[in-house]
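These notes concern the structure reproduced below.
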Amino acid sequence: MTAPISRRGLMAGAAALMLTPAFALAKEPAITVMDPEQVHDKAKKGEVLLIDVRTPDEWKETGIPDGAHPIELAPTFLAKLRELTGGDKTRPVAFMCATGARSEFVARELAKRGWTHVIDVAGGVFGGPKGKGWKAEGLPMIPYKGK
């Protein structure tokens with residue numbers, strides 16, 4: 001016959017469970033927030049793939065950050081990302097938008113789907129709660145040559 005589980009034993013078991021790696025996977029995945037200068041440097045060296053997730057109208061208005069690949073958040077987004085990464089979910093990929101909200105969302109969603117090295121560019125292009133942004137850092141923008 002087994003002894004009944006005490007409330008203290010139950011709490012200790014729950015605490016131990018929360019410290020196991022399997023439980024940690026159930027939590028919100030971690031993403032890295034990196035300042036625009038760091039991302040620009042890493043993108044130039046080929047150490048990170050930089051993706052601008054703003055809209056085509058935004059790209060036309062301001063251009064795109066030097067070294068960035070513009071990919072619209074549309075049904076074709078994942079296919080284009082897979083094409084750029086060769087399907088490698090371990091490749092470091094940095095996302096940016098206008099102020100950092102969309103890029104954070106994209107980074108978190110991809111981390112949930114098994115991408116292991118996702119980066120949110122602090123402040124996006126114009127600056128936001130997490131940083132001054134690409135333009136305020138004086139980093140180069142290039143004209144958008146799309147449709």
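The numbers here are math on the coordinates, done by the rules we state, and not lab data. Fair warning: this is a prediction, and the values are worked out from it, not measured in the lab. Cβ atoms come from the backbone with ideal geometry, glycine included; neighbour counts cover every protein chain shown.
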Scattering profile of the stretch 28-142 at q = 0.09, 0.13 Å⁻¹ [log10 I(q)/I(0), Debye over alpha-carbon scatterers]: -0.19, -0.41
Cβ-based exposure ranking for Lys145, Lys89, in which fewest neighbours within 10 Å come first: Lys145, Lys89
Based on other C-beta atoms within 10 Å, arrange Asp41, Asp120 from fewest to most. Asp41, Asp120
Percent antiparallel among DSSP beta bridges confined to the stretch 28-142, nearest 5, equals 20 percent
Pairs Lys80/Lys145; Lys42/Lys130; Lys60/Lys112; Lys112/Lys132; Lys45/Lys89; Lys42/Lys135: which exceed 21 Å Cα-Cα? Lys60/Lys112; Lys112/Lys132
Whose amide H sits under 5 Å from the amide H of Ile64, counting only residues 5 or more places off or on another chain, with H placed in the peptide plane? Ile142, Tyr144
Along the stretch 77-92, what does the Karplus equation 6.51 cos²θ - 1.76 cosθ + 1.60 (θ = phi - 60°) give for ³J(HN,Hα), rounded to whole Hz, x for Gly and Pro? 3, 5, 4, 5, 5, 4, 4, 5, 9, x, x, 7, 6, 9, 5, x
Interchain or sequence-distant (5+) residues whose placed amide H lies within less than 5 Å of the amide H of Ile51 are His69, Ala94, Phe95, Met96
³J(HN,Hα), Karplus 6.51/-1.76/1.60, whole Hz, each residue of the stretch 38-55, x for Gly, Pro: 4, 5, 4, 4, 5, 5, 4, 7, x, 7, 8, 9, 9, 10, 9, 9, 6, 8
Given a cut-off of under 8 Å on Cα pairs at least six residues apart, what relative contact order in percent is computed for the stretch 28-142? 33 percent
